[in-house]
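In what follows, a structure is listed as structure tokens, so that the remarks can point back to it.
Read-outs throughout are calculated quantities, based only on the coordinates presented, and are distinct from any laboratory measurement. Keep in mind that this is a model prediction, so the values were computed, not measured. Ideal geometry is used to build each Cβ from the backbone, glycine not excepted, and the neighbour counts take in all protein chains shown.
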Amino acid sequence: MSLLARTVPLLLTVAGVVVYAGENDAWRARPISEWSGDDAKQLLTQSPWVKTFTPDIKTAQSSGGAGPQMGRGGINMGGIGVGIPGMGRRGMGYPGGRPRQGGDPDSGQAPQLTLRWESAMPVNAAELKVHDNAPSVDEKYYALAVYGVPDRMASGDPDKLAGELKKDASIKREGKKDFKPSNVEVLQRENGTVIVYLFSRSTEITREDKRVEFNARIGRLQIIESFFTGDMIWQGKIEL
């Protein structure tokens, strides 16, 4: 097989946007009814609806002042830009989207987290395929779930914690007002704490928004992750 023949399936250009569609994205070419367990796990760990990452740890000195702001080049935090236009942070996940818990924010070591767009139809289908014990989400909401949060960071009164987390979370879009969550749920599961952020669909996110950035703070952990609506397409329409 020629080099060109090997390369073309991996790198396609559509309307000037680079799209990666290699063998690892084989699930895109098949109807859901034909997905294998591996296809479902692939979607739940390495797809446009999922980010696996190590969050920043905020020190006491850096906790004050203005919060992160969205900019054309990424996030501006005290004059430091984080992010590259058109590029998101991608990482290798774990089967079922559950990263191992670890890290100690108090000692400066952050745990690895997974952020997943729970309300997206392809994600729901993949979870059912692998019998994933995923949070149930009312169709009135967009839902993003954070997996891998150390249990000790989510101890105490869950309602009080949810209220605090709600204040420190938002979705940012270029040129639009910050989108605040309607509610936050703290779920204790056998394999760790899951924090679910619910955003009312009365505020519509469209493909024209291009980049949707989720900001949240969990204790000293600062989450800033971008999703790209042009990648989150299933059967011709955006799925969030």
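Annotations
- Cleavage-rule hits (chymotrypsin sites (Phe, Trp or Tyr not before Pro)) in segment 207-240: DSSP loop, at most 11 neighbouring Cβ within 10 angstrom: none
- Qualifying lysines (Cα of each under 18 Å from Cα of residue 51; at least 8 residues distant if same chain): 41, 172, 210
- DSSP-assigned coil residues among GluC sites (Glu not before Pro) in segment 122-199, each with at most 10 further Cβ atoms within 10 Å: 139, 190
- Evaluated at q = 0.31 Å⁻¹: base-10 log I(q)/I(0), Debye formula over Cα of segment 127-180: -1.26
- Rel. contact order, % - alpha carbon contacts under 8 angstrom, at least six apart, segment 134-240: 27 percent
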